[in-house]
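The values are calculated or read from the model by the stated rules, or taken from the named source; none is laboratory data. Treat the numbers as computed from the prediction; the structure is a model and nothing was measured. Cβ coordinates were reconstructed from backbone atoms using ideal geometry, including for glycine residues, and neighbour counts include every protein chain displayed. Just the protein is used for accessible areas: all its heavy atoms, side chains included, with ligands, DNA and RNA removed. Shrake-Rupley method; radii C 1.70, N 1.55, O 1.52, S 1.80 Å.
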Amino acid sequence: MLGIFRIGIAGIGIMGTFHADAITSGAIQGAKLAAICDSSAELLGKSRSRYGEQVAYYGSAEEMMTSGEIDGILVATPHYDHPQLAIQAFAHGLHVLIEKPAGVYTKNVREMNEAAKASGKVFAIMYNQRLNPMYQKLRELIESGELGEIRRTNWIVTNWYRTQSYYNMGSWRATWKGEGGGVLINQCPHQLDLWHWTTLLTPKRIRAHCQFGKHRSIEVENEVTAYVEYENGASGVFVTSTAESPGTNRFEVAGSRGKIVIENGKMSFSQLRQSESEFNAACTNPFGSPECWNIDIPVPPGDGPQHKGILQNWTNAVLNGEPLIAPGQEGIHGLMLSNAMLLSTWTDQWVDFPIDEERFYNELQQRIRMSESRQEAVR
């Protein structure tokens, strides 16, 4: 058992700095910011001014991983680097916490998960929305059976509005090569994880329609409508956009015992006194309907401990074996939904789960090559 968990941060941009501030402020008990690495000398210089000489600074992740200064690494680099750096860290005997998403394509993430399992180290992912009281309560109600058998899910999350100036901030933004996707990989990883995590449903197949650069000058998807079928016979719809204003964030889960709705910071439960199946079997009135009670579900105020909570949980898991709230291996579930939606659009057909990972990877590489060819032609 370690007395102090020495953390190194790979990537000291916006999120890396956010996490570094949390650790150095003393908010994460048992944790110490021991090192930072980044390929940018400018960012390292800013970090040195911010955190002082008690932290070690490195120009590469390999240097930091082999320094002997750290016990675990928090990966806050661009999406493509997450699996690569995690695998490298496991090989050096380090614990790992990756920022979301787990990666860009599941083939690579599966390799990361296998490396994590073989290493025996503590592996977590920054799914901080799992600490949101609303989603914790939803999972609790579904897991306890109070909603009955899940029959339908419907999530409209179009409040991810982004202007063209947002996409113009960096040439890597909203490109297949730079980010590996758009709204699904950048804005929606939390919703895709929560969709899977709260409902406890296993997808069977999906049909999606992604629109690329709709109302924006970008090459990746920024509007998506997807329909999924689950193994238990339930169905689900997922709609998202970064070009809609005003946007909506409404999550409905309907079961045999009623319906739960999360919207505008509130959670309501339209609860049936009798399951729909039992009512239907006994009802002789052609236009009858089950008795329904409309209940406002009480949940603690606020969004929960969020990022600091995940950081603390990872630290506790390393120091005293506390169960992980967001195991890193579970990052593949939301990413597979994302990959499946793109693959369905690219191939114009249904996609079965688990997806054909090799086909998705090849389709992605094809789009990267096409993008590079267009850029070369312009030059």
* To do: Considering every residue within region 329-340, establish whether at least one is free of Cβ contacts under 8 Å to residues at least 24 places away in the same chain and open to solvent by less than 80 Å² (accessible area, probe 1.4 Å).
  => no
* Can you name every residue in region 346-361 that is open to solvent by 80 Å² or more (accessible area, probe 1.4 Å) and part of a helix (DSSP H, G or I)? -> 358, 359
* Asked: Can you name every residue in region 107-133 that is surrounded by fewer than 19 Cβ atoms within 10 Å (Cβ to Cβ) and either of a type in the set (Phe, Trp, Tyr) or assigned to a loop (DSSP other than H, G, I, E, B) (or both)?
  -> 120
* Which of the residues that make up region 133-165 are under 21 Å from the mean Cα position of the chain (by Cα) and either under 23 Å from residue 80 (Cα atoms) or of a type in the set (S, T, N, Q) (or both)? -> 136, 153, 154, 158, 159, 160, 162
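Quick check, is residue 66 β-branched (Val, Ile, Thr) and more than 23 Å from residue 3 (Cα to Cα)?
Values: β-branched (Val, Ile, Thr): yes; more than 23 Å from residue 3 (Cα to Cα): no.
The answer is no for residue 66.
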* Asked: Scanning region 68-106 for residues that are charged (D, E, K, R) and open to solvent by less than 60 Å² (accessible area, probe 1.4 Å), which turns out nearest to residue 365 (Cα to Cα)?
  -> 81
* Checking residue 298 against (1) open to solvent by 50 Å² or more (accessible area, probe 1.4 Å); (2) more than 16 Å from residue 134 (Cβ to Cβ), which test does it fail? -> (2)
* Under 6 Å by Cβ, and 6 or more places apart or on different chains, what pairs join a residue from region 13-35 that is farther than 17 Å from residue 79 by Cα with one that is open to solvent by less than 10 Å² (accessible area, probe 1.4 Å) and among the polar types (S, T, N, Q)? -> 28/315; 30/315; 31/315
* Selection status of residue 160, open to solvent by less than 20 Å² (accessible area, probe 1.4 Å), touching a residue at least 12 places away in the same chain (Cβ under 8 Å) and farther than 19 Å from residue 327 by Cβ -> no
* To do: Considering each of 171, 217, 144 in turn, give the residue that is of a type in the set (Ser, Thr, Tyr) and closer than 26 Å to residue 297 by Cβ.
  => 144
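Condition test on residue 42, is it out of contact with any Cys (no Cβ under 7 Å at 6 or more places or on another chain), open to solvent by 50 Å² or more (accessible area, probe 1.4 Å) and either farther than 28 Å from residue 189 by Cα or of a type outside the set (D, E, K, R) (or both)?
When the stated conditions are applied, residue 42 passes them.
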